[in-house]
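For reference, the structure discussed in these notes is given below.
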């Protein structure tokens, strides 16, 4: 056990599959989409989404929720679960040696749109003085730090849909530099807002299967027509392996490699040859001291958009010399949780390692003619898993790849 081995000792999840890591993992392994008609989106051209079911913020977090936007509430609940899962407690740690890094892809629309409406309705004095503190992206990390007594670095990361994965990479660097002994890291997003849905719909990015939302998110499938908005949060507890061993922690897996690269190509589209994807993957492999053949499974970005799925698939095909390992996109179940996706899918990668189980890609039936991947579908697949890669990409050309190894 080395001080350069980064151990994951706790997981916290709130996803459209359920509240808690166990419920979320069961849903993903069942391979049934969480997409359903969403009354809040009824006024727009796309009226369905993937929401976290049955999350009562006030009952879970207490009366302080009144000052928090939903993406903060989701992050706090996931952070509390992760800390408990790690066998840690804020009363017993040195808060100055604990950090938090949380990725958020888009500024929350809830408080800001309410304030804008009031202003243009001629009621400026009814705008809440907490509008800015509730909605800015740093408040997930800030409120988690307040809640758990974290006094080390508290950072917000925003790299669009790669935010959660990038946050994990930043957290790993903090541990390797010995600036912290424990870091809570991940992503949170509450994106199922009418304005967010409208904007993505205007970009032609969302699926239009309004009469069949349960089959709308279909990554890598020939008939995919766009992604489904989702919400959620994923938080991981990271420690140096030697420290985790010394306190007798149960290790969920090792975070062995991180790679990040930028396309420098287009504000919204991936590089057509997936060059940034390839560079990020090679960087993660080099960081982990691995070769492509060492990767037993890929949790793909796989958003269910026609162009990006094909670009990712072709990049993976080239990387693995035309013989990629089994690939899953768990977005078939959860939809696209934007800035939270990379962290949620990192947790699913670790659970796949724990159970030696590859979850299916929901709604995958007929492969696209341009996609030659071994897409896991139908039911979960038993397989020996030593190392799993998780991909995340975002607007602006951001590409992040994480590699986890079995404990």
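As an equivalent ellipsoid, region 7-246 spans semi-axes of 31, 23, 15 angstrom, where each value is the square root of five times an eigenvalue of the C-alpha gyration tensor, largest first. Scaled against 2.2 N^0.38 Å for its residue count N, the alpha carbon radius of gyration of region 258-405 is 0.94.
Take every Cα pair under 8 Å in region 12-135 that's 6+ residues apart, average their separations, divide by the length, and report that relative contact order as a whole percent.
Values: 114 pairs, mean separation 26.7, N = 124.
The normalised contact order for region 12-135 reaches 22 percent.
For region 198-238, the average shadow cast by the Cα convex hull is 4.5 nm², which is a quarter of the hull's surface.
The peptide list 97-106, 321-330, put in order of mean Cβ contacts within 10 Å with the highest first, becomes 97-106, 321-330. Among 56, 223, 309, the largest mean-square fluctuation in a Gaussian network model of the chain, built with springs joining Cα atoms closer than 10 Å, belongs to 56. On the beta carbon distance between residue 96 and residue 210, with R0 = 56 Å, the FRET formula returns roughly 0.65. Among 201, 217, 108, the ranking by other beta carbons within 10 Å of each residue's beta carbon, starting with the fewest, stands as 201, 108, 217.
The overall shape of region 129-214 is prolate: from the C-alpha gyration tensor, with semi-axes ordered a ≥ b ≥ c, the ratio a/c is 1.5 or greater and a/b exceeds b/c. Only Cα pairs under 8 Å and 6+ residues apart enter the sum, and on that basis the relative contact order of the chain stands at 25 percent. Let me check against my output: what whole-number percent is the relative contact order of region 7-246, with C-alpha pairs under 8 Å and at least 6 apart? Normalised by residue count, the contact order of region 7-246 is 31 percent.
Enclosing the Cα atoms of region 19-63 in their convex hull gives a volume equal to 83 cubic angstrom per residue.
Neighbour counts of C-beta atoms inside 10 Å place 66, 25, 93 in the sequence 66, 93, 25, starting with the fewest. Only helices enter the 222 nm calculation for the chain: every DSSP H run of n ≥ 4 contributes -39,500 (n - 2.57), and dividing by all residues gives -9500 deg cm²/dmol, rounded to 500.
As a rough footprinting exposure proxy, the listed residues 189, 107, 345 were ranked by other beta carbons within 10 Å of their own, and the order from fewest upward is 107, 345, 189. Spin-label model, residue 120/residue 355: points 7 Å from Cα along the beta carbon direction are separated by 4.6 nm. Pick from 131, 384, 116: which is most flexible by mean-square fluctuation in a GNM of the chain where alpha carbon atoms under 10 Å apart are linked? Comparing 131, 384, 116 in the GNM, the peak value goes to 116. Treating region 158-288 as a set of equal point scatterers at the Cα positions, no solvent, please give the Debye-formula log₁₀ I(q)/I(0) at q = 0.09, 0.11 Å⁻¹. Each listed q maps to, in turn, -0.39, -0.57. Reported value for region 1-115: 176 Å³ per residue, from the convex hull of its C-alpha atoms. With a Förster radius of 25 Å applied to the beta-carbon distance between residue 242 and residue 173, the computed FRET efficiency rounds to 0.90.
Each value in this text was obtained by applying a stated rule to the coordinates, not by laboratory testing. This is a predicted model, so every value here is computed, not measured. Glycine also receives a Cβ, built like all others from the backbone with ideal geometry; neighbour counts cover every protein chain displayed.
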